[in-house]
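The structure appears right after this line, and notes come after that.
The values are calculated or read from the model by the stated rules, or taken from the named source; none is laboratory data. Small disclaimer: the values here were computed from a predicted structure and weren't measured. Note: ideal-geometry Cβ built from the backbone for every residue, glycine included; neighbour counts use all protein chains shown. Only protein heavy atoms, including side chains, enter the accessible area calculation; ligands, DNA and RNA are left aside. Shrake-Rupley method; radii C 1.70, N 1.55, O 1.52, S 1.80 Å.
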Protein chains: 2
Amino acid sequence: MTGEQNEKPGRKPRVRDAEATKARILEAAKKEFAKKGLGGARVDDIAEKAKANKRMIYHYFESKEGLFQTILEEAYLDIRNAEQKLHLEDLDPRAALEKLVRFTWEYYLKNPEFLTLVNSENLHRAKHLKKSEIVKASSRKLVNMVSSILERGVKAGVLRDGIDPVQLNITIAAVGYYYLTNRFTGSIIYERDLMAKDALEQRIQFNIDTIMRIVAA
Amino acid sequence: MTGEQNEKPGRKPRVRDAEATKARILEAAKKEFAKKGLGGARVDDIAEKAKANKRMIYHYFESKEGLFQTILEEAYLDIRNAEQKLHLEDLDPRAALEKLVRFTWEYYLKNPEFLTLVNSENLHRAKHLKKSEIVKASSRKLVNMVSSILERGVKAGVLRDGIDPVQLNITIAAVGYYYLTNRFTGSIIYERDLMAKDALEQRIQFNIDTIMRIVAA
DNA sequence: CAGTTAACGCACTAACCAGTTACTTCTTTT
DNA sequence: AAAAGAAGTAACTGGTTAGTGCGTTAACTG
């Protein structure tokens with residue numbers, strides 16, 4: 001009566017764990033949406049891979065689209081958060097930009113789901129992302145960061161003036177994103193394995209060089 | 001046999017016209033696949049919009065995937081063919097590259113289906129494109145063209161040496177492709193209408209500038 | 001013009017799929 | 001210890017979807 005049901009105090013052998021189940025669903029759904037897209041993913045498959053009952057998905061996320069929206073928002077917040085952790089404001093302007101180019105490339109490389117999720121969201125004309133104010137806010141921070149790097153660089157005379165930070169941001173993403181999201185068709189079109197170790201190294205060098213040439217004073 | 005069956009020579013009032021039906025199916029399917037992706041497109045919808053019977057799709061293209069493969073191949077051949085018609089070999093190296101950057105941008109802008117079809121194909125790990133030898137051959141021509149432009153430019157002293165034509169090609173595509181395929185999420189993230197007339201003009205200028213800086217001697 | 005071929009269409013099916021109903025089991029609260 | 005509520009499950013539903021069987025009709029051939 002006083003607690004002798006549980007012989008090992010301090011341990012919680014909970015069979016039921018809402019947070020853990022939720023996390024398993026999110027993880028499984030991210031992989032599934034990334035692999036098949038929003039339309040191609042199957043709720044039953046997600047439930048199975050999450051080792052959760054399908055009913056739980058509807059319990060926690062209301063609908064398939066609700067689940068997708070949650071995952072998409074988390075994905076954006078994750079990359080924006082990782083960018084903030086680079087502390088680019090502490091580096092000199094040129095080094096800061098190089099670090100951002102390298103980070104963006106490596107993030108896409110390590111998190112290819114991000115690319116597919118964004119593609120899927122654009123196929124749906126960004127209807128889910130539209131609703132997210134927090135993603136907008138965290139993106140604004142990134143643009144401001146690049147903006148201030150450019151300003152510092154111009155003042156120090158190491159970067160040229162008149163560059164639109166949004167265009168630069170888009171281009172930094174573009175040169176990595178395109179290469180990686182189209183790695184399958186690209187490997188056929190260009191008749192070389194774009195994902196081979198030396199091909200990847202060659203590409204990141206080319207991208208850093210490209211961005212540096214854009215901003216050079 | 002003498003031609004008197006048809007009172008109006010040069011006109012074919014055929015009720016049954018295999019070629020026309022096939023063409024209508026292809027056109028409708030391209031739009032549908034572009035809008036919904038391979039997984040999201042519905043064969044019934046394609047048939048309806050093509051004003052053809054669903055049975056005809058299976059008669060001409062065997063399966064939904066067979067239809068997709070035909071459309072994808074046609075799409076690639078169309079852009080590769082249009083590129084050849086630019087006759088870049090007749091222009092001086094710098095003008096040739098600028099023309100290619102501008103063409104690529106405008107092609108994507110006028111044929112947004114191309115972007116979505118390629119995205120969809122990459123979601124399926126290029127399994128359909130793999131089978132197409134003719135697409136490989138026509139892509140090779142493009143790389144060779146850029147390669148020879150670079151060579152001419154180096155000889156003339158107007159372009160720098162040591163640029164990998166494949167990396168350049170990829171980058172020319174990337175700076176336009178990324179901007180346009182992600183126009184929906186991009187317009188939210190960057191809090192501006194990326195498809196506004198002046199935004200588009202600003203972007204193509206930025207892209208030309210970017211490519212010119214990459215190749216500058 | 002009879003016979004053959006190819007274009008076309010109706011109506012069906014077997015599988016699939018997002019979402020739900022109705023229920024059981026576990027945990028916490030009082 | 002009993003009530004309350006949350007976590008979890010299985011089986012089902014109504015609608016959808018890729019793909020087909022089979023019959024019909026138009027166009028071409030000899």
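For a quick check of your reading of the filter: which trypsin sites (Lys or Arg not before Pro) in the range A:35-97 sit in a DSSP loop and have no more than 16 other Cβ atoms within 10 Å?
On the way: sites: A:LYS35, A:LYS36, A:ARG42, A:LYS49, A:LYS51, A:LYS54, A:ARG55, A:LYS64, A:ARG80, A:LYS85, A:ARG94; in loops: A:ARG42, A:LYS51, A:LYS85.
Sites meeting the loop and neighbour criteria: A:ARG42, A:LYS51, A:LYS85.
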Practice task
Using a 10 Å Cβ count of at most 13 others and DSSP loop calls, identify the longest part of chain B lacking such GluC sites (Glu not before Pro).
Solution key: B:63-190
Completion exercise
In degrees, nearest 10, the alpha-carbon axis of helix A:197-215 is tilted away from the dominant principal axis of the alpha carbons of chain A by 50 degrees
Problem - Label 7 Å beyond Cα on the Cβ vector: B:ASP92 copy-to-copy distances, nm - result: 3.7
Practice task
Could you please report the charge total around B:VAL215, scoring K, R as +1 and D, E as -1 over all other residues with beta-carbon less than 9 angstrom from its beta-carbon?
Solution key: +3
Exercise for the section: Between the label point of B:LYS130 and that of the same position in each other copy, find the distances and list them shortest first in nm, with every label point placed 7 Å from Cα along the Cα-to-C-beta direction. Expected result: 3.8
Fill in the blank from the handout: Most fluctuating of B:VAL166, B:VAL135, B:VAL175 in the GNM of chain B (C-alpha, under 10 Å) is B:VAL166
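With each run of n ≥ 4 DSSP H residues scored as -39500 (n - 2.57), what mean residue ellipticity at 222 nm is computed for chain B after dividing by its residue count and rounding to the nearest 500 deg cm²/dmol? Intermediate results must be reported in sequence, preceding the final value.
On the way: 10 runs with 155 residues, N = 217.
Theoretical 222 nm ellipticity from helices: -23500 deg cm²/dmol.
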Fill in the blank from the handout: The answer for the protein assembly as shown, accessible area per residue at 1.4 Å probe in Å², is 52 Å²
Exercise for the section: Pull up the cross-link candidates among the aspartates and glutamates for A:LYS136, meaning alpha carbon to alpha carbon under 19 Å and not fewer than 8 places away within one chain. Expected result: A:GLU73, A:GLU74, A:ASP78, A:GLU83, A:GLU121, A:ASP164, B:GLU191, B:ASP193
Exercise for the section: Specify whether the C-alpha gyration tensor of the protein assembly as shown places it in the rounded, prolate or oblate class, a ≥ b ≥ c being the square roots of the eigenvalues: rounded for a/c under 1.5, otherwise prolate if a/b is larger than b/c and oblate if not. Expected result: oblate
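What's the local net charge at B:ARG192, with K and R +1, D and E -1, over the other residues with C-beta under 13 Å away? Present the calculation step by step, with values, prior to reporting the outcome.
Details: positive: A:LYS136, A:ARG140, B:ARG183, B:LYS197, B:ARG203; negative: A:ASP164, B:GLU191, B:ASP193, B:ASP198.
Within the 13 Å Cβ shell, the charges total +1.
Run the accessible area of the protein assembly as shown with a 1.4 Å probe and give the carbon-and-sulfur part as a rounded percent. Spell out each step's value before the answer.
On the way: 11160 of 22370 Å².
Here it works out to 50 percent.
What is the mean number of Cβ atoms from other protein chains located within 10 Å of the Cβ atom of each residue in peptide A:32-42, rounded to a whole number?
Numbers: counts 0, 0, 1, 2, 4, 9, 3, 6, 7, 1, 0.
The mean count of partner-chain Cβ atoms within 10 Å per residue comes to 3.
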Problem - Cross-link reach list, lysines versus A:LYS31, counting only Cα pairs under 22 Å and skipping chain neighbours closer than eight places - result: A:LYS22, A:LYS49, A:LYS51, A:LYS54, A:LYS64, A:LYS110, A:LYS127, B:LYS36, B:LYS127
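Convert 20 °C to kelvin, take the viscosity as 1.002 mPa s, use the Kirkwood radius over C-alpha pairs of chain A as Rh, and evaluate the Stokes-Einstein diffusion coefficient in µm²/s, rounded to a whole number. Can you show the working numbers first?
Values: Rh = 19.9 Å.
Translational diffusion coefficient: 108 µm²/s.
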